[in-house]
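Single-structure report; data block below.
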2 protein chains.
Amino acid sequence: MNKPLLCKLLGLVAMLIGGSMAFSLPWALPVFGGDWQHEQEGFIGLIGSMIICFAVGTGLRYLGRNGSSQLFRKEAMAVVGLSWVLATVLGGLPYRLSGTYRAAGVRMNSVDAMFESQSGFSTTGATVLNELEDPALVPRCILFWRSSTHFLGGLGIIVLFVVILGQGSAGKALMRAEMPGPSHHSPQARMQHTAWVLFLIYVGLNATLTGLLLVEGLSLFDALCHAFGTMATGGFSTYNASVAHFATVPGLNGPLIEMTIVAFMFLAGTNFMLLYLVLILKPRGLLDDIEWRTYTAVIVVVTAMIVAFGLYHHDFDQCGADRDVIAVADGADQTDYSPPVGNAVRYGLFQVVSLMTTTGYCTDDFNQYNSFARGVLLLLMFVGGCAGSTGGGLKVIRHILFCKTLWLEVEQAFHPSVVRPLRLGGKPVEDQELRKNVLVYFGLILAIFTISWMLTITLEPNSTWTDHGHAVEHKLLDAATCVTATLNNIGPGLGIVGATKNYSNFSPASKILFTWLMMIGRLEIFVILVLFVPGFWRNQ
Amino acid sequence: MNKPLLCKLLGLVAMLIGGSMAFSLPWALPVFGGDWQHEQEGFIGLIGSMIICFAVGTGLRYLGRNGSSQLFRKEAMAVVGLSWVLATVLGGLPYRLSGTYRAAGVRMNSVDAMFESQSGFSTTGATVLNELEDPALVPRCILFWRSSTHFLGGLGIIVLFVVILGQGSAGKALMRAEMPGPSHHSPQARMQHTAWVLFLIYVGLNATLTGLLLVEGLSLFDALCHAFGTMATGGFSTYNASVAHFATVPGLNGPLIEMTIVAFMFLAGTNFMLLYLVLILKPRGLLDDIEWRTYTAVIVVVTAMIVAFGLYHHDFDQCGADRDVIAVADGADQTDYSPPVGNAVRYGLFQVVSLMTTTGYCTDDFNQYNSFARGVLLLLMFVGGCAGSTGGGLKVIRHILFCKTLWLEVEQAFHPSVVRPLRLGGKPVEDQELRKNVLVYFGLILAIFTISWMLTITLEPNSTWTDHGHAVEHKLLDAATCVTATLNNIGPGLGIVGATKNYSNFSPASKILFTWLMMIGRLEIFVILVLFVPGFWRNQ
């Protein structure tokens, strides 16, 4: 293990994080709409955090001043894993140093800060903050930093994908689209070219969505924060009601804003390599891609089923912000009434795309849907977006490979001598390694899920349920959805962490567990797990 | 596919089933305690069923009169799979032809009969019968047939294990103990020898337990039925309260009977090959076996945890038959009061051993335990007994191999070139095939579980919950436990199928699904799944 190089690169990461905090500072100033009285602490917290980041960065770079520049597989894994850990700690400083409030009268502790920070970087969007709209509790500049971590996390994933995951035969199969680039150059030059292209697409999509949301009437602050949350498939909003908020603001076209966000969540869950092919006018690359076709088909079919079952069970008679209204007052404005079918498509589609892409924005409380809808949305969380997107979950391609592998194995059970190749979009792929890797990945997810589920049930006292109006009988299911929603980087789950709830009331032990789960899920397991293998750190 | 041979062997199975029904006939006669007025229909139903079995058997043997006797792998799989299907249908005839009642006034339909039959043969013990103790609803001779299917199913599994599962490298690893036998003979002769030894151990243990239960005061009828249910890890009882019944009968020593059954459930979950080694005075084979040691350790550790958590949560303040008593009457007999610690060990151990071995006998309503206990018992259902036992579930050895495989894969993630061998009890095993097979098995269980869970939620109307005093919010969890309890051949689950409930109220569609799950789980998936692969039936 080349430790000096490790320090050098981690130092760079620390400085980059410190540098990015600068973009949150302006929102504290009155000229950008900040109320200085409330923003003061946030501003000072951010400055303090930047100083610490640069100090840590300088220290690490000094330790690594003699590092060579040869980056092997082991070092690459260590850099990614450790820089994510470092980012979690440093990214949590602004919350801690500004004394942000989790709820009225309750300041965020260190565990809360790390949870919120990891939730941002891993583009999960799970929060411990109960009240986002009061700058006396959460300053605007801190709220912007919170959304910025989504942007940075999404960027990290896009670049990471090229550097780490795109290696080896399994990585190739996950990437599929060989990137058109300067073909006579070294693999490293091509890799850099690919990383740049993906970076530009990501930033471009963020800018486009910000522009559209501005045109649709959002403030620059809201437009930027929601663009970050959407394109990173994160899910942090600046309003307590998440995206459902906009439908309640007079003068804003709620459905239009929602559908804009749906379209960009869909793009964020698409392989960015394929978006590049569309940009260079080769759209067949996208349309012929088996993963993207499956991804699109799942969204269409599941939405149709949720709409059908939801209408049958009257889930959509009242939706979104109306849902909390116990009874419609007599003589209420008739224009407020939406027919259930329209509601069903509008709200069904949004929740499906949001949960499938692992964004986690909500416009309706899907916890109140029928059991079929709740079950199928829970399963969607494990599907996730396409490989090479910012979406989390297991990725659509892994599910395709998993099903194909199992089917081939059943066929081979009675013909052990005949080995048939695995085909992807008609073409056979070099597969013995790939087949095993997919099975191992599912196996690890299963093991991590099961252990974390038991840990949550064991660590979390029953009072977390009973003290907040929830029945403790739901603990088994609720705990399972907490693990699902954090491991797959979604955010909301069912019951105690439903669309209208958050992770505020959990014990520190559970919050630490969830923080790890978000990191493990985001970095596709291995990069984090190997950090715990003693042999990994030995010089060999 | 050698179809004539298939018919010939299936004909033999049909005749064996018909023949075994004869043993249920005497229980209808007054001399064996039957009340002829109620037994008449059952007796006639059994006779009718026997006639049909022999007719089907004769027909099949006629069709297969020209079959050669060469049994290849494919034919062996087909025979096992199809004979299980045939047994389900034929074994259900006595329920149907005798007009047994599912509940007062509700006769069993064909789906009920097949469910109950499959539940017996697969040694699951899930039932649709609400009232076992009234011979006007369920005749004694039919009740005996019900328990007999456990005995036959357990026998089938023991023999099956030798013939099918003990083949190939994965099978060898599952069996591990090479059977000492006539070593200079052909593999087929050794296989026959092994099958005979296992058969004798199985019958011997059944006889021993019957004898013990007789000594402890049970009637011959009850002793036989409970021995069948125990040694096959089945779980059918002759009382509504299952084994908890005996503690309520004056003159019987409840705890002694319960501990006797615990001991034999434990033996039933042990690899029968290893029991043979003990019989020939080579007990080290048992004590050194990594699977048996893990199996024992899991039971001890989980029981200790259930006892500890249960005492903390006051789960054991009232237990077993006392649990339904809302308040202890003033001046109640003080001798009835058991201290919670004694209760905790007695009831905790019984439920743990019963669910871990996939027997499913109950002495207490574990659905009322704390969330930790409910969760951990649910997970135990997936563990199951040892390979080569009558226990269901995934088997302890598969979990050992699964964990070891995943650990090796994580270690290899940063060293792709170094392949380390998988070790079992210190010895390396030929493993590339084995590793993949274990992962495939877990993958298939995961896929089948997920699909069946969604199917149950979709097929089963909410009224199954709401009409019987259950909250529909528990549908997701309850459905998951139904699938768990049938796929792993346990019987009881949580909530709507908890220890004091049964499968009576489910719709026919769900009952058919559960019937398939019991069969798939019992025959370790492949034997059933390949029946649906078109290529399996082609002549090649």
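The values are calculated or read from the model by the stated rules, or taken from the named source; none is laboratory data. All values derive from a computational prediction rather than experimental measurement. Don't worry about glycine lacking a Cβ; one is built from the backbone with ideal geometry, like all the others, and counts go over all protein chains shown. In case anyone asks, the SASA skips ligands and DNA or RNA and just uses the protein heavy atoms, side chains included. Shrake-Rupley method; radii C 1.70, N 1.55, O 1.52, S 1.80 Å.
Points worth noting:
- Pairs where the first residue, in region A:292-305, is without any contact (Cβ under 8 Å) to a residue 60 or more places away in the chain and within 13 Å of A:VAL383 (Cβ to Cβ) and the second is of a type outside the set (Ser, Thr, Tyr) and open to solvent by less than 40 Å² (accessible area, probe 1.4 Å), C-beta under 7 Å, 6+ apart: A:ILE299/A:VAL352; A:ILE299/A:VAL353; A:ILE299/A:MET356
- Search result, residues across region B:344-379 that are more than 21 Å from B:ALA480 (Cβ to Cβ), over 15 Å from the mean Cα position of the chain (by Cα) and among the hydroxyl-bearing types (Ser, Thr, Tyr): B:TYR347, B:THR363
- All of B:LEU200, B:LEU212, B:LEU224, B:LEU252 fail the test of being in a helix (DSSP H, G or I) and at pLDDT below 95, apart from B:LEU200.
- Of the residues in region B:377-384, at least one is open to solvent by less than 10 Å² (accessible area, probe 1.4 Å), away from chain A (no Cβ under 14 Å) and under 30 Å from B:GLY254 (Cα atoms).
- When B:PRO421 is tested against (1) modelled with pLDDT under 85; (2) within 14 Å of another protein chain (Cβ to nearest Cβ); (3) touching an Asp or Glu at 6+ places or on another chain (Cβ under 8 Å), just one condition goes unmet, and that condition is (2).
- Any hit, region A:71-93, residues being away from chain B (no Cβ under 14 Å) and more than 26 Å from A:GLY521 (Cβ to Cβ): no
- Long-range neighbours under 6 Å by Cβ, at least six apart or interchain, first residue more than 8 Å from chain A (Cβ to nearest Cβ) and open to solvent by 20 Å² or more (accessible area, probe 1.4 Å) within region B:523-540, second at pLDDT 75 or above and not in a loop (DSSP other than H, G, I, E, B): B:LEU531/B:GLY81
- Test for A:GLU473: is it of a type outside the set (Val, Ile, Thr) and more than 10 Å from chain B (Cβ to nearest Cβ): no
- Qualifying positions in region B:453-463 - more than 9 Å from chain A (Cβ to nearest Cβ) and either farther than 22 Å from B:THR124 by Cα or open to solvent by 40 Å² or more (accessible area, probe 1.4 Å) (or both): B:LEU455, B:LEU459, B:PRO461, B:SER463
- Condition check for A:GLU411: within 10 Å of chain B (Cβ to nearest Cβ) and surrounded by fewer than 17 Cβ atoms within 10 Å (Cβ to Cβ): no
- Selection within region B:337-353 - modelled with pLDDT of 95 or more and hydrophobic (A, V, I, L, M, F, W, C): B:LEU349, B:PHE350, B:VAL352, B:VAL353
- Residue in region A:427-442 that is more than 12 Å from every other protein chain (Cβ to nearest Cβ), touching a residue at least 40 places away in the same chain (Cβ under 8 Å), surrounded by fewer than 21 Cβ atoms within 10 Å (Cβ to Cβ) and closer than 27 Å to B:VAL410 by Cβ present: yes
- Against the numbered list (1) polar (S, T, N, Q); (2) within 10 Å of chain B (Cβ to nearest Cβ); (3) under 30 Å from B:THR458 (Cβ atoms); (4) in contact with a Gly (Cβ under 9 Å, 6 or more places away or on another chain), A:THR450 comes up short only at (4).
- Residues located in region B:7-37, provided they are within 26 Å of the chain's Cα centre (by Cα), open to solvent by less than 50 Å² (accessible area, probe 1.4 Å) and closer than 25 Å to B:VAL80 by Cβ: B:LEU10, B:GLY11, B:VAL13, B:ALA14, B:ILE17, B:GLY18, B:GLY19, B:SER20, B:MET21, B:ALA22, B:SER24
Yes/no per residue for (1) surrounded by 15 or more Cβ atoms within 10 Å (Cβ to Cβ); (2) in a helix (DSSP H, G or I); (3) at pLDDT 95 or above:
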residue	(1), (2), (3)
A:LEU311	yes, yes, no
A:HIS314	no, no, no
A:ASP322	yes, yes, no
A:ILE326	no, no, no
A:ASP330	no, no, no
A:THR335	no, yes, no
A:LEU355	yes, yes, yes
A:CYS362	yes, no, no
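- Meets criteria (among the small types (Gly, Ala, Ser) and modelled with pLDDT of 95 or more) for A:ALA268: yes
- In the set (1) polar (S, T, N, Q); (2) in a helix (DSSP H, G or I); (3) open to solvent by less than 30 Å² (accessible area, probe 1.4 Å), the condition left unmet by B:THR270 is number (2).
- In region B:125-138, residue farthest from B:THR390 (Cα to Cα) [restricted to those that are of a type outside the set (Asp, Glu), open to solvent by 10 Å² or more (accessible area, probe 1.4 Å) and in contact (Cβ under 8 Å) with a residue 40 or more places away in the chain]: B:ALA136
- Scanning region A:406-426 for any residue that is acidic (Asp, Glu), in contact with a helix residue (DSSP H, G or I) (Cβ under 8 Å, 6 or more places away or on another chain), touching a residue at least 40 places away in the same chain (Cβ under 8 Å) and farther than 23 Å from A:ASN109 by Cβ turns up nothing.
- Being more than 18 Å from B:LEU513 (Cα to Cα) and within 26 Å of the chain's Cα centre (by Cα) holds for only one residue in B:SER119, B:SER68, B:SER83, and it is B:SER83.
- Of all residues assigned to region A:484-493, at least one qualifies as being within 13 Å of another protein chain (Cβ to nearest Cβ), more than 24 Å from B:HIS399 (Cβ to Cβ) and under 22 Å from the mean Cα position of the chain (by Cα).
- Among (1) within 23 Å of B:SER354 (Cα to Cα); (2) open to solvent by 40 Å² or more (accessible area, probe 1.4 Å); (3) modelled with pLDDT under 95; (4) not basic (Lys, Arg) - the single one B:ALA207 does not satisfy: (3)
- Boolean, A:LEU394 is modelled with pLDDT under 95, in contact with a strand residue (DSSP E or B) (Cβ under 9 Å, 6 or more places away or on another chain) and either farther than 14 Å from A:THR233 by Cβ or within 14 Å of chain B (Cβ to nearest Cβ) (or both): no
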